[in-house]
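The values are calculated or read from the model by the stated rules, or taken from the named source; none is laboratory data. Please read these numbers as outputs of a predicted model, since none were measured by experiment. Note that we place each Cβ from the backbone using ideal geometry, even for glycine, and neighbour counts take in every protein chain shown.
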């Protein structure tokens, strides 16, 4: 019966989070101690056969009242009750003359009752592996201080309580203390459940970058930093991932407890170098640094990106990295920085090979306005509209309109034609038709063509009469078109007839203007003739507003964009398809920027 009570007391003591050190347990305590680690079973048998005498206190706590080792105090000595009074010494009687003492009555002798000294308290000893560890910690003068109870064991686990904490030992983990006051993690262990929650220590408290940590037998770890003490469960999904990724060196110390109840049943724990997110669908993934910044910029967990579906993966072309999320991907390279691709544009980017394609890495996030979106990449752009879906645009000089590397303003035009030659006295020209999508200019098309046979005049120098065959340099608006039939345009359109003329005679009312006449006088142009002759120059054309509406006499006239791709008298000539497409897409206020490459670009 006595042994049954002992077992119950031990189990209750462990359930309470420590080892009990009560007199009832001391009378029949197990002997599998650190000092006899190799003979636990034999030692226990010896102890049962030859019990060690133990002082018996005057009262014994029941098993259900056994104190925890970390709360134990040295046992009080046994006390024997002292007599309540000492007999007083009798006073000799004085014989009365009339009374004779009876010989049968003897006076009480002068004597004092014998008092037993109190029993000596049982000695508290430190032995075995716990003693070795305690001495290594400077013994009673160290942070643990003096022992307050003897070592007691249950199975392979032994423990001993000291003034400054409790030392635990197993053959597998060795001896390790949990510090009550001197430690950083120990006070939290004592305050939040002790062995019942954390188990016994399997390491000392040890320093790491930014704080201290201590591991316990349940797989839980307490970590302390300037932000407080937080728990990591190394056997849980987040804790095991933290450990596998490199623990403190990679992810840092925890800055919060694990928090659950997130979107889709997820959890998160915040660390000094990142965030570990878990959901049933995605597992545990680390989000940190610029990837976290971009993710949060898109609304984070509750935005369109959702949970991360991978950790950061590096070793990509040009030294790049990427991290995938449920609704988007973050791409990074040293040259481009970190940007997000998503939706239809992101899908098209992945379809063509992503960073391994001619597009390279993204250089900005997607930009949208109602009805259109565009995203820039190192080698071009991807645009989207509801009607056309996604389209890839090559990287061209249109990009210079976006980064301020043109010397002439677009004046906010939605479409800009860039026409340039490699230098002066050259008429062969490159033409790039730029369209603005969500505020970004991209190349709708790029083709060759010609300007004046004599090339461009320098900036600010008039092109002069058409007979000199020069084109002007500058940025000019487009407001009207002409030809033999409207192909469909938002520009004001003039259908030519046999009397259609363009004034070329300076100091006349019609100079550099459209008018109608049955005659062809001086330097006036017969637009009907040029529209109907075999080369059909003016079958379709656009007026370039050079030297208009504020006309300077003899500065130049009739600068058009027209068909018949050959060197001109100062106009821009393109293939028929390009002229028709330009007219169909242009709106009033669109512009043409023209000149040599070095004169129009920075």
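Specify which of the listed residues (182, 207) is outside any strand (DSSP E or B), assigned by TED's automatic domain parsing to the domain that holds residue 143 and out of contact with any helix residue (DSSP H, G or I) (no Cβ under 9 Å at 6 or more places or on another chain).
Just one listed residue meets the conditions, 182.
In the range 169-179, is there at least one residue being surrounded by fewer than 23 Cβ atoms within 10 Å (Cβ to Cβ), out of contact with any strand residue (DSSP E or B) (no Cβ under 6 Å at 6 or more places or on another chain) and closer than 24 Å to residue 227 by Cβ?
Checked the range 169-179: no residue is surrounded by fewer than 23 Cβ atoms within 10 Å (Cβ to Cβ), out of contact with any strand residue (DSSP E or B) (no Cβ under 6 Å at 6 or more places or on another chain) and closer than 24 Å to residue 227 by Cβ.
Return yes when residue 533 is touching a residue at least 12 places away in the same chain (Cβ under 8 Å) and either out of contact with any helix residue (DSSP H, G or I) (no Cβ under 6 Å at 6 or more places or on another chain) or not assigned by TED's automatic domain parsing to the domain that holds residue 429 (or both) and no when it is not. Please lay out each step first, then the result.
Numbers: touching a residue at least 12 places away in the same chain (Cβ under 8 Å): no; either out of contact with any helix residue (DSSP H, G or I) (no Cβ under 6 Å at 6 or more places or on another chain) or not assigned by TED's automatic domain parsing to the domain that holds residue 429 (or both): yes.
No, not satisfied.
When the range 286-296 is examined, which residues are found to be surrounded by fewer than 21 Cβ atoms within 10 Å (Cβ to Cβ), touching a strand residue (DSSP E or B) at 6+ places or on another chain (Cβ under 8 Å) and without any contact (Cβ under 8 Å) to a residue 40 or more places away in the chain? First the steps, then the outcome.
We begin by selecting, within the range 286-296, every residue surrounded by fewer than 21 Cβ atoms within 10 Å (Cβ to Cβ); these are 288-290, 292-293, 296.
Still in the running and touching a strand residue (DSSP E or B) at 6+ places or on another chain (Cβ under 8 Å): 288-290, 292-293.
Matches in the range 286-296: 288, 289, 292.
Output the residues belonging to the range 503-530 that are touching a residue at least 24 places away in the same chain (Cβ under 8 Å), over 18 Å from residue 544 (Cα atoms) and in contact with a helix residue (DSSP H, G or I) (Cβ under 8 Å, 6 or more places away or on another chain).
Within the range 503-530, 523 is the sole residue that qualifies.
Which of the following residues is in the same structural domain as residue 199 (by TED's automatic domain parsing), surrounded by fewer than 19 Cβ atoms within 10 Å (Cβ to Cβ) and within 21 Å of residue 182 (Cα to Cα): 218, 226? Give the derivation first.
Details: 218 fails: within 21 Å of residue 182 (Cα to Cα).
Step by step, each of 218, 226 is checked, and only 226 is in the same structural domain as residue 199 (by TED's automatic domain parsing), surrounded by fewer than 19 Cβ atoms within 10 Å (Cβ to Cβ) and within 21 Å of residue 182 (Cα to Cα).
Among the residues that make up the range 147-158, is at least one of them in the same structural domain as residue 189 (by TED's automatic domain parsing), surrounded by fewer than 17 Cβ atoms within 10 Å (Cβ to Cβ) and assigned to a helix (DSSP H, G or I)? Lay out the reasoning, then the answer.
Initial filter on the range 147-158 (in the same structural domain as residue 189 (by TED's automatic domain parsing)): 147-158.
Of the ones still in play, those that are also surrounded by fewer than 17 Cβ atoms within 10 Å (Cβ to Cβ) are 155-156.
Then keep just the ones that are assigned to a helix (DSSP H, G or I); that gives none.
No: zero hits.
Hey, does the range 322-333 have a residue that's closer than 16 Å to residue 438 by Cβ, surrounded by 19 or more Cβ atoms within 10 Å (Cβ to Cβ) and touching a residue at least 12 places away in the same chain (Cβ under 8 Å)?
In the first step, residues of the range 322-333 are kept if they are closer than 16 Å to residue 438 by Cβ; the result is none.
No, the conditions are met nowhere in the range 322-333.
Tell me which residues, restricted to the range 244-259, are in a loop (DSSP other than H, G, I, E, B) and surrounded by 19 or more Cβ atoms within 10 Å (Cβ to Cβ).
First, the residues of the range 244-259 that are in a loop (DSSP other than H, G, I, E, B): 246, 251-253, 255-258.
Across the range 244-259, the qualifying residues are 251, 252, 253, 258.
Which members of the range 536-551 meet the condition of being free of Cβ contacts under 8 Å to residues at least 60 places away in the same chain and closer than 20 Å to residue 567 by Cβ? Working first, answer last.
Narrowing the range 536-551 to residues free of Cβ contacts under 8 Å to residues at least 60 places away in the same chain: 536-540, 548-551.
536, 537, 538, 539, 540 - these are the residues of the range 536-551 that are free of Cβ contacts under 8 Å to residues at least 60 places away in the same chain and closer than 20 Å to residue 567 by Cβ.
Among the residues that make up the range 553-571, is at least one of them assigned by TED's automatic domain parsing to the domain that holds residue 480, in a loop (DSSP other than H, G, I, E, B) and without any contact (Cβ under 8 Å) to a residue 40 or more places away in the chain?
We begin by selecting, within the range 553-571, every residue assigned by TED's automatic domain parsing to the domain that holds residue 480; these are 553-571.
Imposing the further condition that a residue be in a loop (DSSP other than H, G, I, E, B) reduces the set to 553-559, 563-567, 569-571.
Next, only the ones that are without any contact (Cβ under 8 Å) to a residue 40 or more places away in the chain stay: 563-564.
The answer is yes, given that some residue of the range 553-571 is assigned by TED's automatic domain parsing to the domain that holds residue 480, in a loop (DSSP other than H, G, I, E, B) and without any contact (Cβ under 8 Å) to a residue 40 or more places away in the chain.
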